[in-house]
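The values are calculated or read from the model by the stated rules, or taken from the named source; none is laboratory data. Source: prediction; values computed, not measured. Cβ: placed from backbone, ideal geometry, glycine included. Neighbour counts: every protein chain shown.
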Amino acid sequence: MAFGRLRYNSGEMFGPTIFESRLMNHPYGRTSGITTVAQAQDTVRYAKRLGYDFIKVYSFLDDTVYDAIMREAKAQGITVIGHHTFGIGLRRGFELGLRMVAHAEELRPAFGVPVSSERADSLVQLFKEFGTWLTPTLTTFDAINNAWGNPSRLEQYVTEGIAAHVSDATITAWRRTNYHTQTGSVAPHFASYKEATRRLIRAGVPMLAGTDGPNIPGMIPGVAIHDELAMLRSLGMTPYEALATATSNAGRFIATFAPKATPFGTVTVGARADLLVVAANPLQDLTKLRTPVSVVRLGRLYSAAQLDSIRTR
């Protein structure tokens, strides 16, 4: 668990309040993973003892291990979120207690397969049946699509990142993704993810704003989230609905699935005093959120000049 979380959440460091999940996956590359039922149970218990807010399941877990994770998480009272584990399927995952799907690309039936119109319609019924949430992170896949086989677009992202004070380590990570060296096209996949999300929006499926950054090319912290709100708006959300994915919806999700946290996401008595102060009504123009007049963080006011100083440190 990152010690930075405690420093941010206490207000010692300026930044977001962090809710952290313990990633659980089958071993791949140079990473360790979970391969047995005993490991699954022990890791969930360990995550609970350490104070993780969630378990995040990934795409490659074995069936029996996945089942053990879900059973132990329920026993420990810790919510499971994450990816579409293809050997399990979304319905089985929802039945076992998966409460939020991270990334619209996880709506696909298998790797390399776009979301068909028929599947999108069935997903609407499935999400509504179980009340499951979605964090689409479509801006991330937009960036991947733009950089796919396109070295010049990657370099444009790098230039924009450097100008926005993205770290050298993050720029290096952008280059290592190698999206710019790929062949073919992922545009049809991206289009299918957007269409599936559009249908879920129309059906009223609850959603959260997210970006899957910063280690994807072009995902600049503090910028990409605004691009995501614009993306959701383009798919049919009202300005209020798009704004809610980053404010009141987030507060409602945490209140439901990590209920010991201080309430946040609304301007109400007893809620955490985190506010973005802008010069005009964002419900008329969401772009106003990109240039706040000031920010209130844990009750402390930061002017625009102070925010600029923090960015350039």
Any chance the range 33-49 includes a residue that's in the same structural domain as ALA258 (by TED's automatic domain parsing), surrounded by fewer than 19 Cβ atoms within 10 Å (Cβ to Cβ), closer than 29 Å to ALA261 by Cα and in contact (Cβ under 8 Å) with a residue 40 or more places away in the chain? no
- Task: Might you check whether a residue that is within 30 Å of ARG300 (Cβ to Cβ) and hydrophobic (A, V, I, L, M, F, W, C) occurs anywhere in the range 28-46?
- Result: no
Residues in the range 58-111 that are buried (at least 16 other Cβ atoms within 10 Å of the Cβ), among the aliphatic types (A, V, I, L, M) and over 22 Å from THR36 (Cβ atoms) total 7
So, first residue more than 14 Å from ILE216 (Cβ to Cβ) in the range 156-168, second residue in a helix (DSSP H, G or I) and basic (Lys, Arg), Cβ within less than 9 Å, six or more apart or across chains; the pairs are ALA164/ARG311; HIS165/ARG311
Over the range 163-180, the set of residues surrounded by 13 or more Cβ atoms within 10 Å (Cβ to Cβ) and in a helix (DSSP H, G or I) is THR170, ILE171, ALA173, TRP174, ARG175, TYR179, HIS180
Review point. Within the bounds of the range 190-200, is there any residue that is out of contact with any Cys (no Cβ under 9 Å at 6 or more places or on another chain) and surrounded by fewer than 16 Cβ atoms within 10 Å (Cβ to Cβ)?
Key: yes
Checking MET237, MET207, MET231 in turn, the sole residue that is at pLDDT 95 or above, crowded, with 18+ Cβ neighbours inside 10 Å and in contact with an Asp or Glu (Cβ under 8 Å, 6 or more places away or on another chain) turns out to be MET231
- prompt: Does the range 10-19 include one or more residues that are aliphatic (A, V, I, L, M), under 19 Å from the mean Cα position of the chain (by Cα) and modelled with pLDDT under 95?
  reply: yes
Only one of (1) over 15 Å from ALA224 (Cα atoms); (2) within 20 Å of the chain's Cα centre (by Cα); (3) not charged (D, E, K, R) does not apply to ALA169, and that is (2)
Item to complete: For the range 256-268, state whether one or more residues are assigned by TED's automatic domain parsing to the domain that holds ALA196 and part of a helix (DSSP H, G or I).
Response: yes
**Asked** Just to be sure, is ILE81 at pLDDT 90 or above, touching a Leu at 6+ places or on another chain (Cβ under 9 Å) and more than 20 Å from ALA250 (Cα to Cα)?
**Response** no
Of the residues in the range 23-57, those that are part of a strand (DSSP E or B) and at pLDDT below 95 number 4
Filtering the range 24-49 down to residues that are of a type outside the set (Lys, Arg) and closer than 16 Å to ALA75 by Cα yields VAL37, ALA38, GLN39, ALA40, GLN41, ASP42, THR43, VAL44, TYR46, ALA47
Residue set GLY210, GLY222, GLY251, GLY218; condition in contact with a His (Cβ under 9 Å, 6 or more places away or on another chain) and either in a helix (DSSP H, G or I) or in contact (Cβ under 8 Å) with a residue 40 or more places away in the chain (or both); output residue GLY210
In the range 225-240, anything of a type in the set (A, V, I, L, M, F, W, C) and outside any loop (DSSP other than H, G, I, E, B) is listed as ILE225, LEU229, ALA230, MET231, LEU232
Of the residues in the range 61-108 that are part of a loop (DSSP other than H, G, I, E, B) and hydrophobic (A, V, I, L, M, F, W, C), the one that is nearest to ARG22 (Cα to Cα) is ILE78
